[in-house]
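J.: One structure, pasted below without further comment.
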Amino acid sequence: MKLHIVLVEPEIPQNTGNIARTCAAIGAKLHLVHPLGFSISEKSVKRAGLDYWDKLEIEEHISLNKFLEKYKPEQNNMFFVTTKGKQVYSQIKYSECNEIFLLFGKETKGLPEELLKKYIEKTIRIPMRKTLRSLNLSNSVAIVAYEVFKQNEFNGLEEISNYFK
């Protein structure tokens with residue numbers, strides 16, 4: 001199973017750095033969709049995942065349209081993570097997919113409304129109290145990404161620590 005984490009126009013470098021570290025830890029490919037709210041070379045991005053950058057597969061895209069042209073939602077197992085999602089993220093059967101794309105929008109606005117309306121059946125959400133706006137982006141990525149691996153029996157990830165052996 002191949003997991004792709006797609007950040008559409010991320011704005012906060014520390015979030016992207018934390019997400020890059022998570023992607024390196026689980027072997028997910030990170031897609032960064034421009035425009036970015038920071039330079040990828042900024043210290044704050046690298047500080048969050050500095051010793052992991054060489055273990056990370058990153059692909060950059062000049063726009064969301066270019067990303068969608070290359071990786072067509074109709075031809076791929078693509079899920080759009082949003083507070084407005086039709087299904088709870090854990091209701092999806094990720095174990096039935098060979099390749100999965102999880103798209104996350106920018107911190108201040110999320111994914112574009114027209115995109116969510118077009119692919120409403122592929123929208124997923126993380127349950128939370130109605131009085132709050134959203135979770136932190138890097139936390140949201142970790143929650144959904146680890147659900148994908150949980151459903152796939154953590155295939156490819158170390159389950160038992162070798163620390164005390």
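The values are calculated or read from the model by the stated rules, or taken from the named source; none is laboratory data. Model, not experiment: these values are computed from the prediction. Neighbour counts run over all protein chains shown; Cβ positions are idealised from the backbone, glycine included.
J.: Can you tell me how many residues within region 27-40 are among the β-branched types (Val, Ile, Thr) and at pLDDT below 95?
T.: Applying the first criterion (among the β-branched types (Val, Ile, Thr)) to region 27-40 yields 33, 40.
Those left that are additionally at pLDDT below 95: 40.
Number satisfying all stated conditions: 1.
Each row is one residue, and each column tells you yes or no for (1) of a type outside the set (Ser, Thr, Tyr); (2) exposed (fewer than 14 other Cβ atoms within 10 Å of the Cβ).
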site	(1), (2)
LEU56	yes, no
GLU69	yes, yes
MET78	yes, no
SER90	no, no
LEU103	yes, no
PRO112	yes, no
LYS130	yes, yes
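J.: On to the next question. Show the residue pairs that are 6+ apart or on different chains and have beta-carbon atoms under 9 Å apart, the first residue being within region 22-40 and on the phi > 0 side of the Ramachandran plot, the second being among the hydrophobic types (A, V, I, L, M, F, W, C) and crowded, with 20+ Cβ neighbours inside 10 Å.
T.: Partner pairs satisfying both residue conditions: GLY27/LEU3.
J.: Considering only region 1-15, how many residues are at pLDDT below 90 and polar (S, T, N, Q)? Step through it out loud before you land on a result.
T.: Our first condition is that a residue be at pLDDT below 90; within region 1-15, this holds for 1, 13-14.
If we keep only those that are polar (S, T, N, Q) too, we end up with 14.
So the count comes out to 1.
J.: Give the residues of region 57-99 that are among the small types (Gly, Ala, Ser), closer than 23 Å to GLN151 by Cβ and out of contact with any helix residue (DSSP H, G or I) (no Cβ under 7 Å at 6 or more places or on another chain), sorted by residue number.
T.: Going through region 57-99, the residues among the small types (Gly, Ala, Ser) turn out to be 63, 85, 90, 95.
From what is left, the residues that are closer than 23 Å to GLN151 by Cβ are 85, 90, 95.
Residue satisfying the conditions is GLY85 alone.
J.: Still on this structure, I have one more. Do we have ASN65 as loosely packed, with under 13 Cβ neighbours inside 10 Å and more than 23 Å from GLY27 (Cα to Cα) here? I'd like the intermediate steps shown before the answer.
T.: Values: loosely packed, with under 13 Cβ neighbours inside 10 Å: yes; more than 23 Å from GLY27 (Cα to Cα): yes.
In short, yes.
J.: While we're on this one: Report the residue count in region 50-74 for those that are assigned to a loop (DSSP other than H, G, I, E, B) and either of a type in the set (Asp, Glu) or modelled with pLDDT under 95 (or both). Full working, then the answer.
T.: As a first pass, look at region 50-74 and keep what is assigned to a loop (DSSP other than H, G, I, E, B): 56, 62-63, 71-74.
Checking which are either of a type in the set (Asp, Glu) or modelled with pLDDT under 95 (or both) leaves us with 56, 74.
The qualifying residues number 2.
J.: Related question: I'd like the residue in region 11-29 that is more than 20 Å from LEU111 (Cα to Cα) and not in a helix (DSSP H, G or I) and, out of all such residues, is nearest to the chain's Cα centre (by Cα).
T.: Checked region 11-29; the qualifying residue nearest to the chain's Cα centre (by Cα) is ALA28.
J.: Can you tell me how many residues within region 98-134 are outside any helix (DSSP H, G or I), under 16 Å from the mean Cα position of the chain (by Cα) and farther than 22 Å from LEU36 by Cα?
T.: Residues meeting the conditions: 6.
J.: Those residues that are touching a residue at least 40 places away in the same chain (Cβ under 8 Å), closer than 20 Å to THR16 by Cα and among the hydrophobic types (A, V, I, L, M, F, W, C), I need them from region 105-149; list them, please.
T.: LEU111, ILE126, LEU137, VAL141, ALA142, ILE143, VAL144, ALA145, VAL148
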